[in-house]
Amino acid sequence: MRVLVVGAGGVGSAAVPIAARRSFFDAMVVADLDPDRARRAVSDMDRRFSAAGVDASSASSVASLCRDAGITHVLNAVDPRFVMPIFEGALAAGADYVDMAMSLSKPHPERPHAETGVKLGDDQFAQADRWAASGRLALVGMGVEPGLSDVFARYAADDLFSEIDEIGVRDGANLVVEGYDFAPSFSIWTTIEECLNPPVVWEAGSGWHTTEPFSEPEVFDFPAGIGPVECVNVEHEEVLLIPRWVKAGRVTFKYGLGSEFIEVLRTLHKLGLDRTDAVRVGGVSVAPRDVVAACLPDPATLGDRMRGKTCAGTWVRGTGKNGEPRAVYLYHVVDNEWSMREYGHQAVVWQTAVNPVVALELLAAGTWSGTGVLGPEAFPARPFLDLLTAYGSPWGMEER
């Protein structure tokens with residue numbers, strides 16, 4: 001296995017020290033539009049690691065690098081606006097592909113808060129036959145959310161429930177960043193995209209429909225001392241992935257954003273600062289969202305100032321294997337103090353990065369295999385959960 005990691009930001013850089021402790025691959029090339037950034041990501045690693053430059057917006061640039069480096073697997077670690085060129089470049093070069101966020105959605109032009117338009121991942125699933133015909137695998141949505149949360153859904157369906165009424169992915173944290181009034185712990189570009197688009201809900205019998213952003217608030221009690229956090233509907237890939245492979249009456253995604261964070265996002269939207277189309281400012285053209293991202297601190301640099309824990313998980317209710325009603329919360333918690341001490345990377349990006357590395361190891365061993373465009377739910381869950389624990393990052397389950 002020879003892996004190309006596209007993107008040396010927070011998640012791409014965090015994947016490097018995680019992979020460095022494993023022996024399943026022969027080479028890992030970290031590539032970025034800024035080659036110096038890529039070199040910094042691999043500077044203290046062993047000889048399996050190298051750095052390169054790449055233009056993630058160009059399928060031909062990705063394909064050329066894959067061919068030059070003999071790449072077998074591409075790990076996409078950049079913003080989802082670059083999913084399609086990286087996805088297409090990997091296929092053109094005959095490489096398998098893994099990402100942590102899927103191709104972008106487009107709201108319904110007339111009824112955005114009732115009907116879906118182009119859904120997350122639609123552009124990728126439209127090419128599933130091409131990938132299958134080429135004998136190649138695109139494993140999509142394989143971060144933590146989506147990713148591990150989807151593995152939890154498959155595990156619940158296989159091992160815990162005979163019938164599932166609802167699967168609800170719930171994400172919350174008690175992280176604080178000292179010295180900043182507003183400092184997102186993950187890519188603000190991605191956060192704006194998923195939080196301001198119409199959230200999607202799946203219901204058996206009617207399929208996918210949309211609702212208002214930040215709708216249906218609920219207080220969810222998170223484990224490991226995080227406690228109760230108000231969560232709201234947010235657009236996310238799990239709702240588009242889980243129903244394809246796991247039978248459930250309803251699937252939702254809710255994120256614990258907090259009232260201040262929601263108000264900032266709403267203000268950005270009111271001012272048009274969430275837009276991705278360029279506007280003229282003096283003699284240059286610039287996308288307002290890119291300006292917002294440039295004005296905020298890089299999430300990858302915040303680890304020393306962060307305190308607290310982040311929790312990703314999947315709440316499932318239905319009928320247990322014994323025929324009795326059951327509800328469980330399957331979860332994964334990362335303490336920022338631990339991830340900084342052990343790996344030098346903050347909790348949110350580390351928690352995202354560990355899962356595609358685990359998946360790559362399963363693919364290298366042949367434990368997971370397939371062709372076409374597949375989500376994490378398409379594979380057996382137990383080998384993934386066992387290997388994640390072997391990485392020193394155990395998961396948990398609470399009866400609810």
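The values are calculated or read from the model by the stated rules, or taken from the named source; none is laboratory data. Here the structure is a predicted model, which is why all the values come from computation and not from measurement. Virtual Cβ from ideal backbone geometry, glycine too; neighbours counted across all protein chains shown. Accessible surface is based on the protein model in full, side chains and every heavy atom, while ligands, DNA and RNA are left aside. Shrake-Rupley method; radii C 1.70, N 1.55, O 1.52, S 1.80 Å.
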Only one residue in Ala359, Ala353, Ala300 is assigned to a helix (DSSP H, G or I), of a type in the set (A, V, I, L, M, F, W, C) and open to solvent by 30 Å² or more (accessible area, probe 1.4 Å). Which one? Ala300
Tell me which of these Val62 doesn't satisfy, since it passes every other one: (1) in a helix (DSSP H, G or I); (2) in contact with a strand residue (DSSP E or B) (Cβ under 6 Å, 6 or more places away or on another chain). (2)
Exactly one of Ala15, Ala38, Ala19 is among the hydrophobic types (A, V, I, L, M, F, W, C), under 15 Å from the mean Cα position of the chain (by Cα) and part of a helix (DSSP H, G or I), and that one is Ala15
Of everything in the range 184-208, what is under 16 Å from the mean Cα position of the chain (by Cα), in a loop (DSSP other than H, G, I, E, B) and hydroxyl-bearing (Ser, Thr, Tyr)? Give them in sequence order. Ser185, Ser187
Test each condition in (1) surrounded by fewer than 16 Cβ atoms within 10 Å (Cβ to Cβ); (2) touching a Gly at 6+ places or on another chain (Cβ under 8 Å) for Trp338 and report the one that comes out false. (2)
Enumerated helices (runs of 4 or more DSSP H) restricted to the range 82-181, each holding at least 3 residues that are within 20 Å of Ala378 (Cα to Cα) and open to solvent by less than 10 Å² (accessible area, probe 1.4 Å): 148-155
Check whether at least one residue in the range 209-217 is outside any loop (DSSP other than H, G, I, E, B) and closer than 23 Å to Ser105 by Cα, and report yes or no. yes
How many of the residues in the range 303-324 are in a loop (DSSP other than H, G, I, E, B) and under 16 Å from Glu178 (Cβ atoms)? 1
Which listed residue is at pLDDT below 95 and farther than 15 Å from Gln351 by Cβ, from Glu163, Glu178: Glu178
Is one or more of the residues making up the range 289-303 hydrophobic (A, V, I, L, M, F, W, C) and touching a Lys or Arg at 6+ places or on another chain (Cβ under 8 Å)? no
Residues within the range 68-85 that are modelled with pLDDT under 95 and among the small types (Gly, Ala, Ser), tallied: 0
Working only within the range 52-81, note down all residues that are open to solvent by less than 40 Å² (accessible area, probe 1.4 Å), among the hydrophobic types (A, V, I, L, M, F, W, C) and touching a helix residue (DSSP H, G or I) at 6+ places or on another chain (Cβ under 9 Å). Ala52, Val54, Ala56, Ala59, Val62, Ala63, Leu65, Cys66, Ile71, Val74, Leu75, Ala77
Search the range 206-252 for residues being within 19 Å of Ala157 (Cβ to Cβ) and of a type in the set (Val, Ile, Thr), and hand back the single one that is surrounded by the most Cβ atoms within 10 Å (Cβ to Cβ). Ile242
Residue check, Pro213 in contact with a Ser or Thr (Cβ under 7 Å, 6 or more places away or on another chain) and either modelled with pLDDT of 95 or more or under 26 Å from Gly9 (Cβ atoms) (or both): no
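Look at Gly323 and say whether it is free of Cβ contacts under 8 Å to residues at least 40 places away in the same chain, at positive phi and open to solvent by 40 Å² or more (accessible area, probe 1.4 Å).
no
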